[in-house]
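Shown next, in structure tokens, is the structure this report addresses.
The values are calculated or read from the model by the stated rules, or taken from the named source; none is laboratory data. It should be emphasised that the depicted structure is a prediction, and the values quoted were computed from it without experimental measurement. We place every Cβ from the backbone using ideal geometry, glycine too, and count neighbours over all the protein chains shown.
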Amino acid sequence: MILKMFKKIFLIFLFLFSFLISFQQNIDYLKDPEGNDISNNGKVVTLNQKNFQLKFFSDGDSCYYVFWGNGKDTVMITPDSLKIFRVIINPSNVGIGSHHVEILDSKKNKKLDFYFKVEEAFSIFEIVLKLFFGLVLFMLGLRFTSKGISRISGYRLKEILWNLSGSNIKGFLSGIILTLMMQSSTLFSIMVLSFVSEGLISIPGAIYMFAGSAIGTSIIVQIITFNISFFSLLLIIIGFYINDQVKSLNYHGLIIMGFGFIFLAIQYMANSITPIKNTDFFLRFVFLLENNLWILFIFFMILTFLVHSSAVTVAFVISLFATGSVSFKSAVIMVSAANLGTSLTPFFAALHSGNKAKYLNNINIISRIITSIVFIILMFQLEKFAGYTLHKERDIANLHLYYNILFSFIIIIVLPLINYFSKFLKLEKLTVDQKKIIRESIVKNPIVAMGRAQREILKMFETVGKMLENSIVIFKTNDSKLLSETIALDNQVDDYEKEISLFLLSIYEEEVSENISKKARNLIFVVDELEHIGDVLSKNLMLSLKKKINENLYFSDSGVDEIKEFYNEVLKTFNLTLEAFTLNDKNLSSEVLKRREYVLNILLDLQNKHLKRLKEGYKESIETSTLHLDILNDYERINFHLYKIASNIVEKN
């Protein structure tokens with residue numbers, strides 16, 4: 001009886017099992033005729049993308065349920081005529097992130113899993129544009145702070161420029177200070193190369209200035225890593241108000257506004273990268289760079305070359321670090337590349353310059369290459385054996401500081417070798433292109449530019465003084481060759497007048513303080529007066545002396561002595577004026593002013609003596625009377641222009 005019952009139950013169970021098998025559901029991800037998955041499982045979309053469908057096929061149940069992995073209620077879906085089920089997804093509704101969808105049958109049993117990812121909408125072109133805008137914003141901030149610092153410093157720091165070739169410590173400190181003022185080690189390097197080319201700085205002195213400049217750049221980077229981006233807009237607003245409304249503090253406002261732009265730029269660049277930091281595209285890009293460090297190095301070296309400042313590039317690295325996209329090795333590579341890239345602009349600028357500038361520039365770039373190699377090896381080993389890594393933005397700035405300390409150590413330690421080989425170099429003049437690059441670079445910092453202009457004016461003084469000294473030699477010896485050479489020197493004076501005036505005008509056209517503007521105007525006045533003296537010597541006095549030589553005229557002994565006496569008085573005025581200009585000494589200038597009446601009285605006395613000789617019938621005096629008076633008057637005109645230069649020095653003080 002029990003056995004029969006068991007058999008019946010078994011047969012019923014077997015029948016039901018066979019029935020269920022015959023109606024087994026056939027559910028699978030939708031595939032194309034070739035068997036490829038077209039269900040959109042694993043799809044990655046952006047937030048602004050249109051609706052898309054998760055698709056699957058089933059010949060079983062007439063309905064299924066969609067269950068979201070985040071706990072949302074199930075939603076029933078039905079098939080179309082081809083038995084294809086479609087789950088419509090709106091990316092903007094589900095939000096950014098990875099999502100999981102389960103497909104349940106009518107009994108709420110899970111049958112399929114779908115996965116998809118929604119990323120923030122972005123445009124590569126727009127992101128690149130924003131990054132470059134951030135870099136421009138950063139450089140604008142650097143320019144504002146540079147202008148503000150240099151204007152506030154005023155002409156009180158001119159001693160830095162006059163003592164660049166002093167002690168090594170002075171050179172090192174001037175490198176730090178001037179780099180902080182110019183906000184760019186690249187522009188500073190070009191300036192140093194120009195001074196070396198002109199023989200104003202020795203190569204050892206320039207080496208210490210390069211070392212100081214490296215530390216100065218690191219100080220800039222340390223400053224910009226202060227995390228006060230929250231106050232950046234406030235700094236810009238306050239700085240703008242002070243600059244626009246408080247005239248006595250306008251350049252202080254410019255500095256505040258500049259720092260506001262710097263911190264805003266760092267935050268802006270970091271925010272620009274945020275939309276793509278978790279995207280497959282960006283992760284693949286980072287993976288490519290992480291596994292091809294040479295590409296990363298070259299990319300950041302070129303970027304630094306384009307923006308002319310390692311501080312700008314390091315700020316960009318800090319922005320990348322803020323997004324969590326920078327590993328320790330990448331940071332080391334990027335910082336090394338930035339410091340090497342900053343030497344490329346001076347390198348190309350020096351290609352057409354003199355031997356000393358080329359030699360110094362080669363030392364600079366070779367030292368940075370060696371520093372980059374040593375720095376990368378040391379840092380990689382430090383990470384490997386000591387576990388050193390990055391924790392905050394300050395660590396990026398510290399890497400930059402460590403690099404430049406190492407660079408300073410390397411370039412100074414090999415200084416004896418550098419100095420030895422520099423003895424074999426000859427000083428060569430700068431080319432026109434090199435002078436243009438230097439002028440454009442130096443004019444960015446009026447303090448540096450004013451010092452440069454004063455040096456050029458001293459050279460102009462020297463040339464005019466040479467013409468003046470030649471005049472009395474020609475008068476005594478009738479040297480025609482020296483006369484021609486002296487007239488030719490006036491061309492140099494004219495060239496000086498043109499170049500220096502244009503240079504000073506370019507400073508004047510910059511947004512500079514009233515003190516710098518006034519100084520530029522005064523120097524233009526001095527240049528103009530020196531050019532007038534050159535004209536008097538070449539076009540008047542030399543013409544009289546040429547007549548004396550060609551007509552074989554002879555002066556009386558008394559006449560010769562009188563002209564020599566008056567020349568000596570004018571020469572004394574010239575030397576006193578030169579000293580007053582060099583030292584910017586008001587007292588010496590006052591002495592020149594006092595000589596105005598004194599020299600005029602001497603002239604009047606000499607003219608009376610000459611007239612007396614004419615009355616007495618001296619033959620030589622009669623033949624050379626006009627020439628004698630012309631020469632005296634020409635020397636007096638020179639004395640008058642020197643008087644005007646001295647008056648200018650007194651007025652500006």
- request: Go through the residues of the stretch 99-106 one by one and say whether even a single one is exposed (fewer than 12 other Cβ atoms within 10 Å of the Cβ) and not aromatic (F, W, Y).
  value: no
statement: From the option list K548, K519, single residue qualifying as surrounded by 14 or more Cβ atoms within 10 Å (Cβ to Cβ), at pLDDT below 85 and over 43 Å from the mean Cα position of the chain (by Cα) is K548
message: If I filter the stretch 588-596 for residues that are surrounded by fewer than 16 Cβ atoms within 10 Å (Cβ to Cβ) and under 25 Å from N470 (Cβ atoms), do I get at least one hit?
response: no
task: For the stretch 631-641, state whether one or more residues are among the acidic types (D, E) and surrounded by fewer than 16 Cβ atoms within 10 Å (Cβ to Cβ).
output: no
Neighbours by Cβ (under 9 Å, 6+ apart or cross-chain): first from the stretch 460-488, closer than 16 Å to E531 by Cβ; second of a type in the set (K, R) and at pLDDT 90 or above: T486/K466
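Here is a yes/no grid of residues against (1) aromatic (F, W, Y); (2) buried (at least 20 other Cβ atoms within 10 Å of the Cβ); (3) at pLDDT below 70:
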| site | (1), (2), (3) |
| --- | --- |
| E120 | no, no, no |
| F125 | yes, no, no |
| L129 | no, no, no |
| F133 | yes, no, no |
| S146 | no, yes, yes |
| R151 | no, yes, yes |
| K158 | no, no, yes |
| S165 | no, no, yes |
| F172 | yes, yes, no |
- prompt: Name the residues in the stretch 96-144 that are among the small types (G, A, S) and within 30 Å of G253 (Cα to Cα), would you?
  reply: G134, G141
field: Y403 surrounded by 15 or more Cβ atoms within 10 Å (Cβ to Cβ), in contact with a Ser or Thr (Cβ under 7 Å, 6 or more places away or on another chain) and at pLDDT below 90
entry: no
The stretch 61-118, residues that are outside any strand (DSSP E or B), touching a residue at least 24 places away in the same chain (Cβ under 8 Å), of a type in the set (K, R) and farther than 16 Å from Y29 by Cβ: K108
